[in-house]
Amino acid sequence: NAWGTRFGALVYGVLFALILYRYARVQVDRNSAMLAAAIALLLPYFFLGSGFLATPDAPLAPAWAMALLFFYRALVNGEHRAWYGVGLAMGIGMLSKYTIALLAPAALLFMLLDSKARRYFLRKEPYFAVGIAALVFSPVIYWNLTNGWASFVFQARDRFEAAPHFFLDLMLVNILAVATPLPLLAVPYLFAAGSVRKGDSLHSPFAFRARLFIGAFLLLPLSVFAWNALENRPRVNWTGPLWISVLPMLAWLMVNADKIRWRWSAWLLKRGAVPLLYALLIVYAASLHLISLGLPGTPFPKNAARLVGWPEVSRNILAIREQLAEDVDRVVVVGMDKYFIASKLSYYGTPNFLGVEDGLRVTGRHLVGESSLMFAYWNQAKEFRGETAIMLARAKHDLSDERVGIYFDDLSPEIITFPVYKDDFGLPKETIRDFYYRIGFGYRPHAELSVAQAPSGGFH
């Protein structure tokens with residue numbers, strides 16, 4: 001059920017807070033470490049990505065924090081056995097998202113720049129760490145080996161097939177969206193030999209090697225994303241975990257704002273940080289209330305409409321299937337976008353959600369010559385030869401005769417729409433999105449089309 005699916009994200013969020021606290025404790029005092037964990041839970045990326053939404057970022061965040069903890073203990077504190085924790089954390093992180101691999105060149109950079117850490121080039125522990133990470137990650141390696149390196153190719157090449165454009169400004173906007181300006185206030189102190197005002201007795205825990213570590217593990221991955229943004233559109237969540245490395249320093253600066261150098265920065269940390277965190281709480285509360293119950297006099301946000309209403313959509317599709325003629329034997333539902341519709345219907349179209357013995361059979365738009373990512377691996381088009389397809393789309397033109405007609409012996413004459421409503425608990429219903437569907441009879445896979453019928457754009 002929905003609670004069971006999202007329970008994992010809650011567990012990952014708790015683990016993230018605990019591990020981040022341990023990472024902060026190797027650098028700062030207890031109060032600052034507690035504040036660092038609290039800040040992390042309130043920043044948008046971690047509030048949504050590692051404690052609320054069921055996405056790969058949920059397990060990535062604790063794995064990233066765990067890797068930083070053991071990297072710091074190994075490289076800065078000289079704890080040789082911490083490398084084994086590095087290997088475990090990197091392996092778990094790679095099972096979540098490949099982004100964590102950027103920590104490896106960051107560690108290499110630190111080892112090249114730091115004389116004490118360079119000794120690890122001649123020790124066994126880092127190489128054992130690589131072996132441990134590879135062992136934990138081996139199921140993904142095996143799957144790619146037997147499936148044409150599909151996910152590796154997708155992450156390394158397919159994401160960047162669009163025409164190049166300059167998106168560095170968008171990356172900066174994304175950083176402000178997922179991390180707020182707060183972590184950026186700590187970045188200048190990475191380059192300062194002393195972060196405390198002259199004449200003050202306070203001792204900064206961030207000596208040169210600590211600042212070098214934070215800088216390497218923040219700025220090197222950030223530079224990779226900046227380089228990519230020179231030509232390719234960045235995703236809003238990509239830079240989110242990078243800011244974990246700087247959170248202990250940020251928390252320490254906030255706790256000691258009265259004693260740190262650069263009065264402009266001290267003033268912002270003292271006067272702006274806490275109000276910003278309170279404002280985030282209010283924004284989260286209002287946003288969740290808006291999505292679930294709505295706010296008086298406020299229209300439902302269109303960009304959030306695709307997140308809700310899927311049980312209703314699945315029931316509508318079930319009703320459409322039941323209305324088909326008795327001689328229609330096997331019916332498949334085709335999501336007519338890259339993967340989102342098919343994924344939602346695969347989940348909410350199961351017997352548990354629909355309350356029927358036979359749930360929906362769902363697949364992607366690769367049946368009509370377009371990319372549908374994983375569905376093309378799970379369901380070969382030839383498996384559906386001769387079947388009836390209920391094609392569901394969010395745009396009417398996706399169901400036009402020119403678009404899908406060649407793949408079926410016959411099509412329903414009309415493209416039909418149905419609305420999805422927001423549950424207003426007794427108040428008048430409000431339409432939040434329109435869906436379009438069309439039925440195709442006698443499916444013909446791409447391989448069986450004649451040369452004259454084949455799509456001119458090629459088959460993906």
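At-a-glance table
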quantity: So L172, is it in a helix (DSSP H, G or I), within 30 Å of F47 (Cβ to Cβ) and open to solvent by 70 Å² or more (accessible area, probe 1.4 Å); calculated: yes
quantity: Options L53, L48: the member that is more than 27 Å from Y120 (Cβ to Cβ), open to solvent by 30 Å² or more (accessible area, probe 1.4 Å) and assigned to a helix (DSSP H, G or I); calculated: L48
quantity: Identity of the residue in region 205-221, closer than 12 Å to L109 by Cβ and not aromatic (F, W, Y), that ends up surrounded by the most Cβ atoms within 10 Å (Cβ to Cβ); calculated: A216
quantity: Number of the exception - I341 against (1) under 15 Å from V420 (Cβ atoms); (2) open to solvent by 70 Å² or more (accessible area, probe 1.4 Å); (3) in a helix (DSSP H, G or I); calculated: (2)
quantity: Restricting region 303-323 to residues that are open to solvent by 30 Å² or more (accessible area, probe 1.4 Å) and touching a residue at least 40 places away in the same chain (Cβ under 8 Å), the residue that is nearest to G359 (Cα to Cα); calculated: R321
quantity: Among (1) on the phi < 0 side of the Ramachandran plot; (2) open to solvent by less than 70 Å² (accessible area, probe 1.4 Å); (3) more than 22 Å from the chain's Cα centre (by Cα), the one test that P183 misses; calculated: (3)
quantity: Matching entry among P248, P188, P234 (being crowded, with 19+ Cβ neighbours inside 10 Å and in a helix (DSSP H, G or I)); calculated: P248
quantity: Any chance M171 is within 21 Å of the chain's Cα centre (by Cα) and closer than 23 Å to R233 by Cα; calculated: yes
quantity: Residue within region 21-32 that is under 30 Å from Y142 (Cα atoms), open to solvent by less than 40 Å² (accessible area, probe 1.4 Å), among the polar types (S, T, N, Q) and not in a helix (DSSP H, G or I) present; calculated: no
quantity: Test: residue in region 102-123 that is touching a residue at least 40 places away in the same chain (Cβ under 8 Å) and under 28 Å from W378 (Cα atoms); calculated: no
quantity: The one condition in (1) in contact with an Asp or Glu (Cβ under 7 Å, 6 or more places away or on another chain); (2) open to solvent by 20 Å² or more (accessible area, probe 1.4 Å) that V224 fails to fulfil; calculated: (1)
quantity: Unique residue being in a helix (DSSP H, G or I), modelled with pLDDT of 90 or more, open to solvent by 70 Å² or more (accessible area, probe 1.4 Å) and more than 19 Å from N31 (Cβ to Cβ) when the list is L242, L281, L276; calculated: L281
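The values are calculated or read from the model by the stated rules, or taken from the named source; none is laboratory data. Treat the numbers as computed from the prediction; the structure is a model and nothing was measured. As a convention, Cβ positions derive from the backbone with ideal geometry for all residues, glycine included, and neighbour counts pool all protein chains shown. Accessible surface is based on the protein model in full, side chains and every heavy atom, while ligands, DNA and RNA are left aside. Shrake-Rupley method; radii C 1.70, N 1.55, O 1.52, S 1.80 Å.
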